[in-house]
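For reference, the structure is listed below as structure tokens.
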Amino acid sequence: MDDSSSSHQLPIVTHLFEPIKLKKLPHLTHYISNLQPLPNPLDHNPYFNTLHLQNFYITPNDVVLSHATRFAYRTAGPRNNVYFNPPEVRVAIVTCGGLCPGLNTVIRELVVGLWNLYGNREIFGITGGYRGFYSTEPVPLNPSIVHYWHNKGGTLLQTSRGGFDLCKIVDAIQNRGFNQVYIIGGDGTMRGAVKIFNEIRQRKLNIAVVGIPKTVDNDIGIIDRSFGFQTAVEMAQQAISAAHVEAESAVNGIGLVKLMGRSTGHIALHATLSSRDVDCCLIPELDFYLEGKGGLFEFLDQRLKENGHAVLVVAEGAGQDIIPRTDSQKEERDESGNLVFLDVGVWLKSELKRWWDREHPGELFTVKYIDPTYMIRAVHANATDNLYCTLLAHSAIHGVMGGYTGFVAGPINGNYAYIPLEDVACANNPVNTKDHNWSWVRSVTNQPDFLKS
Ligand SMILES: Nc1ncnc2c1ncn2[C@@H]1O[C@H](COP(=O)(O)OP(=O)(O)O)[C@@H](O)[C@H]1O
Ligand SMILES: O=P(O)(O)OC[C@H]1O[C@](O)(COP(=O)(O)O)[C@@H](O)[C@@H]1O
Ligand SMILES: [Mg+2]
């Protein structure tokens, strides 16, 4: 072995043996001194805790390792002791932000799990997102009310953007006597949940706060993926397939599909890989250009010559830097403070037509633009996502009953774990366009790398 190769290998070996630290998880006993552990009611639950099951309870030694963060996280699941007495438990459940397949399943499983596993009876839904804490009356929930909810898209508790008023929210939680708060939402919601948790801790209240990450865009980091994402990818197939049929049936036909994905292109990417009909996938993480050598037009010109048609998938957040916009459009934000995007699909369609008329005047050319928008997320979860939602909800309940707070339940390498809310709130999950996965995309589409030489 020569010197250069050994110097290459050394850092990798060192990396493998780096010590992995356990992530500290906030617990109610950290700031409430007189809290006493109680025996877990699951000791007497013949349906869940089958007595012959060994190692039923998760111990402090059970951890899940994350390759990405190089931390160990506490394994999710029931604990030997609980820190809530079920007759004294009062639960609030809220959904915030955009829709995502599976929201109703999570709510249903929270209600059913809290009721059946631990015998909690005071369970309430907060309606219309964060603002619902201080502006509407909580709705009582029980298993018979929610029994069919997993078959419905959207959220039967309703949701909204904006309306985050920290003081009013925590006052309402305190005044209404809630001591377990389950917050289901995306990156914005999780940032709000951190603030609620910190305020509750500051006031030294015996109230546990847990986040259940929801995002159809899959833009939350640390966890493997967010619920509803797979359902959305599946729904996107119909749009791609229609675009393919339209493109194939036209002379010089282009099928253009815009898919959701505000800052990440996971839906577009996964839909592209699973469809195999896509010639080019444009995502927010990838800068692209239209004209000149190595540009989109040159590539499409070639594809049309070779194939007679092409399919283009674009994530809604792609190309936002190169779409011309007015000063006021640059500032436009939704109620939650998210930047409002211009329609990249409409812009691309008109740019494509302009290019073709200039380069191939008089020749037939068709662009069929399909924007399925809400159709990919306003559906109920598929079987895989429904199962995932159930495990998430139950993991959250076990953690809260065990006294943990300020955490998120989610899968890491397929194992359910508890992650500090704060870490999840600031971990985004961009598509890495410098890894093998992206090479795979390029090998499926043969699209350009858009690196100007
Ligand atoms: N930085 C933040 N601090 C507090 N609340 C926030 C923050 N960002 C967003 N929120 C609130 O979280 C809720 C959902 O946020 P939004 O960005 O619309 O959706 P999502 O949670 O799906 O990303 C809204 O009520 C919004 O006001
Ligand atoms: O029209 P709305 O409700 O603001 O939703 C549009 C946005 O919601 C999303 O589907 C999901 O975003 P969030 O999960 O952050 O709410 C984005 O892809 C999209 O930009
Ligand atoms: Mg968001």
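By the Kirkwood approach, averaging reciprocal distances over each pair of separate Cα atoms, region 194-280 gets a hydrodynamic radius of 15.6 Å. In terms of the mean number of neighbouring beta-carbon atoms within 10 Å, the peptides 300-308, 158-166 order highest first as 158-166, 300-308.
Note on the chain: antiparallel DSSP beta bridges, both residues inside, total approximately 35 percent of the bridges counted.
Per the Debye formula on identical point scatterers at the alpha carbon atoms of region 130-198, with no solvent, log10 I(q)/I(0) at q = 0.13, 0.17 Å⁻¹ is -0.42, -0.72.
Distance from the C-alpha centroid of region 203-237 to that of region 32-92: 21 Å, rounded to the whole angstrom.
A simple rule links phi to the HN-Hα coupling: the Karplus curve 6.51 cos²θ - 1.76 cosθ + 1.60 with θ = phi - 60°, which for region 78-89 gives x, 9, 3, 10, 10, 10, 10, 8, x, x, 9, 7 Hz, with x for Gly and Pro. Please give the FRET efficiency for Ser135 paired with Ser33, using the beta carbon to beta carbon distance and R0 = 30 Å, rounded to the nearest 0.05. Rounded to the nearest 0.05, the efficiency is 0.30.
Rounded to two decimal places and with Rh computed the Kirkwood way over Cα pairs, what is Rg over Rh for the chain?
1.03
Translational diffusion of region 78-215 was estimated from the Stokes-Einstein equation, with Rh taken as the Kirkwood radius over Cα pairs; at 25 °C and 0.890 mPa s the coefficient is 164 µm²/s. Rounded to the nearest 20 debye, the dipole magnitude of the chain is 1400 debye, with +1 charges on Lys and Arg beta carbons, -1 on Asp and Glu beta carbons, and the Cα centre as origin. If the chain linking Phe48 and His436 were pulled fully straight, counting 0.36 nm for each residue of separation and taking away their Cα-Cα distance, it would gain 135.5 nm.
The calculated FRET efficiency for the pair Leu387 and Arg70, based on their C-beta separation and a Förster distance of 30 Å, comes to about 0.55. Given the C-alpha centroids of region 109-163 and region 278-292, what is the distance between them in whole angstrom? Going from one Cα centre to the other spans 41 Å. Multiplying the residue separation of Asn206 and Glu298 by 0.36 nm and removing their Cα-Cα distance gives an extension gain of 26.9 nm.
Annotation: amide H-H contacts under 5 Å for Ile123 (H modelled 1.01 Å from N, sequence separation of 5 or more, or interchain): Val91, Leu141. For the peptides 173-182, 188-197, the ranking by packing is 188-197, 173-182, with the highest mean count of neighbouring Cβ atoms within 10 Å listed first. Backbone amide hydrogens, once placed in the peptide plane, bring Phe56 within less than 5 Å of nothing, excluding anything fewer than 5 places away on its chain.
Report relative contact order for region 229-378 in percent, whole number only (criteria: Cα-Cα under 8 Å, sequence separation at least 6).
Worked out over region 229-378, it gives 35 percent.
The angle between the Cα long axis of helix 3-16 and the main principal axis of the chain comes to about 40°, on a 0 to 90 degree scale.
With a Förster radius of 45 Å applied to the beta-carbon distance between Glu306 and Asn428, the computed FRET efficiency rounds to 0.75. Bridges between two residues of region 229-378, per DSSP, are antiparallel at a rate of about 5%. Solvent-accessible surface of the chain, averaged per residue with a 1.4 angstrom probe and all protein chains in place: 46 square angstrom. To put it simply, the accessible area of the chain at a 1.4 Å probe is 52 percent carbon and sulfur. For region 229-378, the convex hull drawn through the C-alpha positions has a volume of 109 cubic angstrom per residue.
The base-10 log of I(q)/I(0) for region 307-414, evaluated at q = 0.10, 0.11, 0.23 Å⁻¹, reads -0.59, -0.67, -1.24 [Debye formula, identical scatterers on Cα atoms, solvent excluded]. For Leu290, the residues 5 or more places off, or on other chains, whose built amide H falls under 5 Å of its own are Leu296. Taking θ as phi - 60° and the Karplus parameters 6.51, -1.76 and 1.60, the scalar couplings of region 297-306 work out to 5, 4, 5, 5, 4, 5, 4, 5, 5, 6 Hz in sequence order, x denoting glycine and proline. For region 439-444, the Karplus equation 6.51 cos²θ - 1.76 cosθ + 1.60, evaluated at θ = phi - 60°, returns couplings of 4, 4, 4, 5, 6, 7 Hz by residue, with Gly and Pro reported as x. The mean sequence distance of close C-alpha pairs (under 8 Å, at least 6 residues apart), as a share of the length of the chain, puts its relative contact order at 22 percent. Of the listed pairs Lys152/Lys204; Lys23/Lys330; Lys24/Lys434; Lys305/Lys330; Lys152/Lys330; Lys258/Lys353, which have alpha-carbon separations greater than 28 Å here? Lys152/Lys204; Lys23/Lys330; Lys24/Lys434; Lys305/Lys330; Lys152/Lys330, as the Cα separations exceed 28 Å there. Only DSSP H runs of four or more residues enter the estimate; each adds -39500 (n - 2.57), and after division by the residues of the chain the mean residue ellipticity at 222 nm equals -10500 deg cm²/dmol.
You can think of it this way: the chain between Ser144 and Leu166 has 4.7 nm of extra reach, that is 0.36 nm per residue less the Cα-Cα gap.
The values are calculated or read from the model by the stated rules, or taken from the named source; none is laboratory data. No experiment lies behind these values; they were computed from the predicted model shown. Because the Cβ atoms are built from the backbone with ideal geometry, glycine has one as well, and the counts that use them run over all protein chains shown. Calculation scope for accessible area: heavy atoms of the full protein, side chains included, ligands and nucleic acids excluded. Shrake-Rupley method; radii C 1.70, N 1.55, O 1.52, S 1.80 Å.
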